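First up is the structure itself, then whatever we jot down about it.
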């Protein structure tokens, strides 16, 4: 966990000595703004699946890896399993993904980036975990015979194994995310009707939050959200996008939003600070064409990707000096 540093200490260290000046209404000094301004760092990853516990998981040169303390560490494999695809990492370092074995895709769980994976078992020919929480509970979808079948949502844990959590009477379903508190976000179809769906902790009973939509992240308080809309536990809908050209891809526990101006050219990743309403465009690394901000942690560190003119892409990490959860102290 990153330690909180009072703002007043950092500000004193960064400001040069100067003679007293009369109060003005000028904007804050650039040195103070830098505490909250982002810098971009291109990572040696072709793609990133998530970040947690100071670790990023993804793929580099076709190999499933963990990016730890500036180093690429190959994720341990399993004999007979090929094409390992990490898909998520929890806040305390649990990792899930899948790999090909014989004719099937099998779900995998790593207790850490240094541990050999456990096969989750399967309910069909393809089992694809999408997310895992700090209790080691994973959710995703499986396909009966091929990935061209309709998907069915599942939940897995070490103690309970794997089981379907398809809502009653649904003909397809997917679970995209699970919060540490146990809420699950996804969607289900009933005939030709799509619904944003919330599964509840413990029982994983499913409830429809909205028709004609979907949700792909669950917050600790049970709120779920999709591209532009969130639904609280009363299923009250409210807009979360900062403007009409943006899609929201992640919201931190502190309330920071990240996403991409998907309808702009070039596309740009952005963030809205906790309590704010205006999108701040994130800096773009040299040579990048489009940028995408896809995940954010409690401190406000942002994970995403950039694409280049030659068609290649790399994972990017946006960081700032001041943690969102740090207390802000003001001298009076």
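Binning the alpha carbon pair distances of segment 52-133 at 5 angstrom intervals from zero yields the distribution 3, 17, 29, 27, 15, 6, 2, 0, expressed in whole percent. Working from label points 7 Å from Cα in the Cα-to-Cβ sense, the residue 61 to residue 265 distance is 3.7 nm. Entry note, the chain: relative contact order of 14 percent, from Cα contacts under 8 Å with a spacing of 6+ residues. When the alpha carbon gyration tensor of segment 189-262 is reduced to an equivalent ellipsoid, its three semi-axes come out at 21, 16, 9 angstrom, largest first. Report summary: the helix-based calculation at 222 nm, which adds -39500 (n - 2.57) for every DSSP H run with n ≥ 4 and divides by the residues of the chain, gives -1000 deg cm²/dmol. Here the contact order of segment 87-238, divided by its residue count and restricted to Cα pairs under 8 Å and six or more residues apart, works out to 13 percent.
Reducing segment 221-276 and segment 94-143 to their Cα centroids gives an inter-centroid distance of 28 Å. Distance between the modelled labels on residue 116 and residue 102, one decimal in nanometres: 1.9 nm (7 Å Cα→Cβ projection).
For each of 256, 41, count neighbouring Cβ atoms within 10 Å of the residue's Cβ, then give the residues from fewest to most.
Exposure proxy ranking, most exposed first: 41, 256.
Sorting the segments 243-253, 274-284, 95-105 by their residues' average number of neighbouring beta-carbon atoms within 10 angstrom, most packed first, yields 95-105, 243-253, 274-284.
What's the extension gain from residue 78 to residue 144 if we count 0.36 nm per residue and subtract their Cα-Cα distance?
21.5 nm
Note on 91, 170: ascending count of other Cβ atoms within 10 Å places them as 91, 170, the fewest first.
Per the Debye calculation on segment 223-283 with a single equal scatterer at every Cα and no solvent contribution, log₁₀ I(q)/I(0) for q = 0.13, 0.26, 0.29 Å⁻¹ amounts to -0.31, -1.11, -1.29. What the pair-distance distribution of segment 180-332 shows, using all Cα-Cα distances binned every 10 Å from zero, is 11, 35, 32, 18, 4, 0, 0 percent.
Three principal axis extents of segment 129-217 based on alpha-carbon atoms, in descending order, are 35, 30, 19 Å. The base-10 log of I(q)/I(0) for the chain, evaluated at q = 0.07, 0.15 Å⁻¹, reads -0.31, -1.32 [Debye formula, identical scatterers on Cα atoms, solvent excluded]. Taken as Cα centroids, segment 289-315 and segment 38-80 sit 14 Å apart, rounded to the nearest whole angstrom.
Using a 10 Å cut-off on Cβ atoms, rank the peptides 108-115, 222-229 from the highest mean neighbour count down.
The most tightly packed comes first, giving 222-229, 108-115.
Read-outs throughout are calculated quantities, based only on the coordinates presented, and are distinct from any laboratory measurement. Here the structure is a predicted model, which means the values were calculated and not measured. Every residue, glycine as well, gets a Cβ built from its backbone with ideal geometry; the counts of neighbours run over all protein chains shown.
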